[in-house]
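The values are calculated or read from the model by the stated rules, or taken from the named source; none is laboratory data. In this text the structure is predicted, and so the values were computed from the model without any measurement. Quick reminder, even Gly has a Cβ in these numbers, built from the backbone with ideal geometry, and neighbours come from all protein chains shown. Just the protein is used for accessible areas: all its heavy atoms, side chains included, with ligands, DNA and RNA removed. Shrake-Rupley method; radii C 1.70, N 1.55, O 1.52, S 1.80 Å.
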Amino acid sequence: MEKKKVLVAMSGGVDSSAAALLLQRQGYHCDGAMLDLLPQGNDTTDGRAVAERLGMQFYVLPCAAQFRRDVMDRFISEYCAGRTPNPCIDCNRCLKFGTFLERALEMGYDYIATGHYARVATEETTGRRVLLRGLDRSKDQSYMLCQLTQRQLQHLLLPVGDYEKSDVRAIAREAGLRNADKADSQDICFIPAGDYTAFLRENGVELTEGNFVDCTGKVLGRHKGLPCYTMGQRKGLGVSAGKHVYVVSKNAEDNTILLGDEEDLYTDTLTACRVNWCSGHAPAEPIRCTAKTRYSQTEAAATAEALPEGRLRLVFDEMQRAVTAGQAVVLYNGDEVLGGGTIE
């Protein structure tokens, strides 16, 4: 029987390289490809070298224009609107599991694979594909994959999700892969120094000063521009309120930032838009689940209700701190990712 063909998204890191190696050992025919996303081009050295060592073809797929439009430009517009976006989720939805999958299918591949720490399983009775957390909970990346659709899951393999990170490095090391001990990337790829405000300025965004205000409208001081602050921030505000105050919300319409007490940061309710249900269908009735509003957060018990026009209402059993507009809320049922959306 002819081997199933897999196009592995190879970033040059150890996880995607190990994914290719593991799939080869499972009997798949694998080739590698890198999405060329940045205007200056991506470094293909390690990805190409690993592909050559494993006897694979290696492709570079130009996607810089789409990346600029769907990820970078949206990042800029969301910050200007007073929200805090998650560009990695946008990139996963539009490019890594969108454009990349379509290109792979056009090239005659049966599946795509990445080095994400998550798992995909198939329900025996329905054939539905289910997205699960990775076994290494400290590295689990299922939060970042909450926008995956059934079509994408049907053609997706995530081999490193069954391993601990230390085991993945050991597998790569034993195979002589040059990037076995390469450090993990921590920054957003198009902001390598992590300086969001410098990036915004370089892209023509004027950081307009405005007022810090309290709940009565009293002016407490001046801010340097909405993108310079985040929900829950206390340090670096430069105001003298006689007590600790925190960023509670940002209002792009009048360019003000509301400051308040610690207790003002808590809520038990949120709404979200751009909601994706991984099953392909929104639940007809409210459901019990757990949810988290940040990647590194421990999820909390909640009730989720699907709303019209791809929206969601979520009510937590307990108050949650600093729920931030623009970030992702992701819903779980045990290890299964139910879906997620963008907090309004």
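A few comments on the model shown:
- The single condition from (1) buried (at least 21 other Cβ atoms within 10 Å of the Cβ); (2) among the aliphatic types (A, V, I, L, M); (3) touching an Asp or Glu at 6+ places or on another chain (Cβ under 8 Å) that L145 fails is (3).
Each row is one residue, and each column tells you yes or no for (1) more than 20 Å from the chain's Cα centre (by Cα); (2) in a loop (DSSP other than H, G, I, E, B); (3) in contact (Cβ under 8 Å) with a residue 12 or more places away in the chain.
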{"site": "Q66", "(1), (2), (3)": "no, no, yes"}
{"site": "M72", "(1), (2), (3)": "no, no, yes"}
{"site": "I76", "(1), (2), (3)": "no, no, yes"}
{"site": "P85", "(1), (2), (3)": "no, yes, yes"}
{"site": "D90", "(1), (2), (3)": "no, no, yes"}
{"site": "A104", "(1), (2), (3)": "yes, no, yes"}
{"site": "H116", "(1), (2), (3)": "no, yes, yes"}
{"site": "R119", "(1), (2), (3)": "no, no, yes"}
{"site": "T125", "(1), (2), (3)": "yes, yes, no"}
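- Test for A322: is it touching a residue at least 60 places away in the same chain (Cβ under 8 Å), in contact with a helix residue (DSSP H, G or I) (Cβ under 6 Å, 6 or more places away or on another chain) and within 24 Å of L153 (Cβ to Cβ): no
- Cβ-Cβ contacts under 8 Å between residues 6 or more apart (or on different chains), taken from a first residue in the stretch 263-284 that is acidic (D, E) to a second residue that is open to solvent by less than 80 Å² (accessible area, probe 1.4 Å), are listed as D264/Y246; D264/V248; D268/V315; D268/F316; D268/Q320.
- In the stretch 18-47, the residues that are open to solvent by 40 Å² or more (accessible area, probe 1.4 Å), part of a loop (DSSP other than H, G, I, E, B) and out of contact with any strand residue (DSSP E or B) (no Cβ under 7 Å at 6 or more places or on another chain): Q26, P39, Q40, D43
- Tally of residues being open to solvent by 10 Å² or more (accessible area, probe 1.4 Å) and of a type in the set (A, V, I, L, M, F, W, C) across the stretch 131-142: 2
- Residue count for the stretch 288-316 satisfying the condition of being part of a strand (DSSP E or B), touching a residue at least 40 places away in the same chain (Cβ under 8 Å) and either open to solvent by 50 Å² or more (accessible area, probe 1.4 Å) or not charged (D, E, K, R) (or both): 9.
- Screening A104 against (1) of a type outside the set (V, I, T); (2) in contact with a Ser or Thr (Cβ under 8 Å, 6 or more places away or on another chain); (3) under 19 Å from G47 (Cα atoms) leaves a single unmet condition, (2).
- Looking at L131, L153, L148, just one residue is more than 30 Å from A252 (Cα to Cα), assigned to a loop (DSSP other than H, G, I, E, B), within 20 Å of the chain's Cα centre (by Cα) and at pLDDT 95 or above, and that residue is L148.
- Scope the stretch 160-176; condition touching a Leu at 6+ places or on another chain (Cβ under 8 Å) and open to solvent by 10 Å² or more (accessible area, probe 1.4 Å); matching residues: D162, Y163, E164, I171, A175
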